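Peer 1: Encoded as structure tokens, here's the structure I'll be asking about.
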Amino acid sequence: MELLTKEEDQIRKYLLGSSEPGEVEDLETRLLTDDSFLLEFCMLKDELVDDYVVGALSDDDTARFDAHFLSAPRRTRKLGFARALAVRAGANIPELPEPDLIPPIPVTARWQQYWPVAAALTVMLVAAFVAWKALQDHSQKPSVADQQRIQLESELARLNDSNSELPRDSIAMVTLKPVSVRGIGEDRRVLLKEGVPTVVLELELAGDVYESYRASLQTDEGVDIATIQNLKPTVDANGRVIRLKLPGKHLLARGYQIKLSGLAGSGSYEAAGLYPFQVVKD
């Protein structure tokens with residue numbers, strides 16, 4: 001058996017019941033206050049069981065193990081489990097009689113002194129866990145802004161469905177060119193009168209034409225408000241365009257822009273134009 005450090009030797013003596021009375025109280029105090037020491041204690045306890053199972057203990061330590069360590073029923077069950085594992089591994093283990101069920105060793109006065117502290121710490125830990133769980137659940141709920149975005153994107157998907165048709169008198173329509181080919185003095189205002197629920201933007205396409213597009217509605221500072229997927233180009237008097245319908249009730253009297261992206265054959269989106277416009281309410 002390898003040489004033990006002084007600390008390991010103290011733990012082993014404690015487990016075998018051969019510690020001095022003063023050492024017992026000091027060791028139990030450390031178990032309550034020192035996490036690293038508690039971890040080392042648990043590891044050495046498992047090693048002690050393994051040594052007993054494979055017959056690596058001295059005769060004196062084996063006798064102490066039988067008389068002291070096995071006095072706790074839970075440790076006896078742990079020994080049985082370790083013995084079963086060793087048998088499966090092919091270890092040559094002598095058959096040992098099952099120890100009689102002996103009542104657990106009486107808890108020392110030092111342990112009884114710390115029981116109220118341990119109970120209080122347990123309550124605090126449970127309360128902290130409950131509070132953390134409540135905060136986590138709250139953080140997973142969508143914010144008001146997220147809910148508004150979800151509602152807007154749902155309405156945009158409905159409006160821009162290929163089967164969705166609107167009467168001409170219920171829309172405000174404007175044709176926009178991308179900023180790269182914007183003409184001098186081009187009017188980019190959208191006049192939104194009261195009672196007109198829908199704005200239709202006809203976005204003229206320049207450069208490559210894709211089979212499908214994605215449009216991001218943004219503020220004029222470039223902050224995303226909502227995204228519309230799977231827009232198909234159509235042909236009118238201005239050439240190929242993307243006809244985009246926006247719900248008027250969600251638009252404020254301010255500047256916006258549409259960032260258009262085309263779906264390439266590789267499955268990625270490529271920039272297809274930027275279309276700023278100004279909403280003016282009557």
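Peer 1: For the subset of the range 1-36 comprising residues that are in contact with a Lys or Arg (Cβ under 8 Å, 6 or more places away or on another chain) and without any contact (Cβ under 8 Å) to a residue 12 or more places away in the chain, which member is farthest from F69 (Cα to Cα)?
Peer 2: L4
Peer 1: Hey, among V199, V235, which residue is closer than 20 Å to E186 by Cα, in the same structural domain as A157 (by TED's automatic domain parsing), in a strand (DSSP E or B) and not basic (K, R)? Quick ask: steps written out before the conclusion?
Peer 2: Details: V235 fails: closer than 20 Å to E186 by Cα.
Within the list V199, V235, the selection yields V199.
Peer 1: Sort through L251, L191 and tell me the only one that's surrounded by 13 or more Cβ atoms within 10 Å (Cβ to Cβ), modelled with pLDDT under 90 and more than 17 Å from N160 (Cβ to Cβ). Lay out the reasoning, then the answer.
Peer 2: Details: L251 fails: more than 17 Å from N160 (Cβ to Cβ).
Selected residue: L191, the only one of L251, L191 that is surrounded by 13 or more Cβ atoms within 10 Å (Cβ to Cβ), modelled with pLDDT under 90 and more than 17 Å from N160 (Cβ to Cβ).
Peer 1: Going through the range 251-268 one residue at a time, which ones are under 14 Å from D224 (Cβ atoms) and not charged (D, E, K, R)? Full working, then the answer.
Peer 2: Going residue by residue through the range 251-268, those that are under 14 Å from D224 (Cβ atoms) are 256-261.
Answer for the range 251-268, where residues must be under 14 Å from D224 (Cβ atoms) and not charged (D, E, K, R): Y256, Q257, I258, L260, S261.
Peer 1: Does the range 239-266 hold any residues that are out of contact with any Lys or Arg (no Cβ under 9 Å at 6 or more places or on another chain) and part of a loop (DSSP other than H, G, I, E, B), and which are they?
Peer 2: Hits for the range 239-266 are R254, A264, G265, S266.
Peer 1: Go through the range 23-44 and give me each residue that's touching a Leu at 6+ places or on another chain (Cβ under 9 Å) and at pLDDT 85 or above. Explain how you work it out, then say what you get.
Peer 2: From the range 23-44, those touching a Leu at 6+ places or on another chain (Cβ under 9 Å) are 30-32, 37-38, 41, 44; that's our starting set.
The one that is touching a Leu at 6+ places or on another chain (Cβ under 9 Å) and at pLDDT 85 or above: L44.
The values are calculated or read from the model by the stated rules, or taken from the named source; none is laboratory data. Here the structure is a predicted model, which is why all the values come from computation and not from measurement. Positions of Cβ are backbone-derived with ideal geometry, glycine not excepted, and every protein chain shown enters the neighbour counts.
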